[in-house]
Amino acid sequence: MNSSLSGAYRGRFAPSPSGPLHFGSLVAALASFLDAKSKSGQWLVRIEDIDTPRIVKGASDLILKTLEAYGLHWDEKICFQSKQIDFYQAHLKTLLNDNQLYACQCTRKQIKALGGIYNNACRSINLSLENQAIRIKQNHPIDTFNDGIQGKVSVTKSFSAEDYILKRRDGLFAYQLVVVLDDINQNITHIVRGADLLEPTVRQISLFNEFNKKAPSFAHIPLAVAEPGFKLSKQNYAPAIDITKPQLALYDALRFLGQNPPLELLNLKVDKLIHWAVSNWDITSVPHVNEIQLIKDESNKHCQFFPLSQ
Ligand SMILES: [Zn+2]
C-alpha cells in the first residue's frame, strides 16, 4: 500500500438505529465503503442514536451484525452519538459565547404561514434560552457546492440565509450540529451518502466554516424510492435485507450504483464479492440522478431500477 495515500481518506457510514438495514441503507453503506477502500482509506461507522423517540431497542446490534455479514468491516472504534452529548454541548457553548446563537419562540405553524422559511424574526429580541429552540445566526450563507456525483448543487438564497435550529425546544440537538461535530471529531475527509441530504449540505458546509474547519468532499448517491418522492425507509416498512444471503442484495446494490456486476458474483463468498466491488469501483458510473425507483420483479427475484430525474 502506498503510505502517502494510506490514511489520507477517511469516510464513514452513519445509520440511525430505528430499525434493521434495508436496501436503501445498504446502498449508502456499500457506496461509502467502496469509495473509501478503493482509495486505500479508512471507513468508520457511527451510530446516530440521539433522536431518542425513533430509537428501536436492539437495532444497533442488528445493523452492526448485518454490516459484518455483508463483508463491510469497519475501521477504528464505533462512535455512538449518545456518548457525545457533553462534546456537543461544549461546542454549542462556544458558539453562544461568540454571540452566534439566539432563542426562538416561533411555532412550526407560524413558520409554515411564512412559506416554510424562517424570517429570523427573534434575532433582535433577545429571549432567554430556557425552553426555547436555539438558532444560529447565518452570517456566512452558502448557496452552492460541487458534489462528487450530482455536480453543481444550488439552493435558494432564502434557504441558505435562514437561521436554522441547532437545538430543539425539546432539548434534542439538531442533526446539522451533531453530524458536523462528529465529522470534525472523526477527521472525516469524504462523505458519500443519500441524496435526501443534498440541500442541508450547504448548512453543514457553513457550519464547518463557523468552526474554522475544512469541510469534507461530498458525493450524494441516488435515493432508493418506492415511488417518486417516497424513499425506502424504516418508516414505510421497507423490508430488512437478508442477513443469511448477502450476495443477492449486494449484487442488486452494485447494479443500483451502476457498477455493472457480472452474474458470477452471486456464486462467490462475500469477501471475494466485496473484493471485486472494491477493485472495480467507479464513482463516475453512479447514475447522476436524485432518485431511483425500485420495482420488484417477481419472476427472477431481482429488482428493476428506474432512474428518476428531479
Ligand atoms: Zn422566532
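The values are calculated or read from the model by the stated rules, or taken from the named source; none is laboratory data. Small disclaimer: the values here were computed from a predicted structure and weren't measured. Here the Cβ positions follow ideal geometry from the backbone for every residue, glycine too, while neighbour counts run over all protein chains shown. The accessibility values were calculated without ligands, DNA or RNA, using every heavy atom of the protein model including side chains. Shrake-Rupley method; radii C 1.70, N 1.55, O 1.52, S 1.80 Å.
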Restricting to segment 90-122, what's the tally of residues that are at pLDDT 95 or above, within 10 Å of the ligand (Cβ to nearest atom) and among the aliphatic types (A, V, I, L, M)? 1
Would you please list the contacts, defined by Cβ atoms under 8 Å and residues six or more apart or on different chains, that run from a residue in segment 104-122 that is at negative phi and aliphatic (A, V, I, L, M) to a residue that is assigned to a helix (DSSP H, G or I) and within 11 Å of the ligand (Cβ to nearest atom)? Ile117/Ile111
Determine if segment 100-107 includes at least one residue that is assigned to a strand (DSSP E or B), under 22 Å from the mean Cα position of the chain (by Cα) and aliphatic (A, V, I, L, M). no
Which members of segment 259-270 meet the condition of being surrounded by 13 or more Cβ atoms within 10 Å (Cβ to Cβ) and assigned to a loop (DSSP other than H, G, I, E, B)? Gln259, Pro261, Leu268
Going by what's in this entry, would Pro141 be described as touching a helix residue (DSSP H, G or I) at 6+ places or on another chain (Cβ under 7 Å) and open to solvent by 60 Å² or more (accessible area, probe 1.4 Å)? yes
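Listed here are the residues, each with its yes/no results for (1) over 16 Å from the mean Cα position of the chain (by Cα); (2) among the small types (Gly, Ala, Ser).
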position: Gly11; (1), (2): no, yes
position: Ala29; (1), (2): no, yes
position: Phe33; (1), (2): no, no
position: Lys37; (1), (2): yes, no
position: Gln42; (1), (2): yes, no
position: Ile47; (1), (2): no, no
position: Thr52; (1), (2): yes, no
position: Lys65; (1), (2): yes, no
Take residues that are more than 18 Å from Leu101 (Cβ to Cβ) and tell me which of the strands (runs of 3 or more DSSP E) falling wholly in segment 145-258 contain 3 or more. 151-154, 190-194, 217-221, 223-227
Suppose we keep only residues that are of a type in the set (Gly, Ala, Ser) and more than 18 Å from the chain's Cα centre (by Cα) within segment 148-173. Which one would you say is least open to solvent (accessible area, probe 1.4 Å)? Ser160
Identify the residue in segment 129-138 that is over 15 Å from Arg203 (Cβ atoms) and not in a strand (DSSP E or B) and, among all such residues, is least open to solvent (accessible area, probe 1.4 Å). Gln132
Positions within segment 62-76 being part of a helix (DSSP H, G or I) and either small (Gly, Ala, Ser) or open to solvent by 60 Å² or more (accessible area, probe 1.4 Å) (or both), in sequence order: Leu62, Lys65, Glu68, Ala69
Checked Phe87, Phe33 against criteria (away from the ligand (no atom under 16 Å from the Cβ), assigned to a helix (DSSP H, G or I) and closer than 30 Å to Lys272 by Cβ); the one match is Phe33
Filter segment 36-61 down to the residues that are touching a strand residue (DSSP E or B) at 6+ places or on another chain (Cβ under 8 Å), assigned to a helix (DSSP H, G or I) and open to solvent by 20 Å² or more (accessible area, probe 1.4 Å), then identify the one that is modelled with the highest pLDDT. Lys37
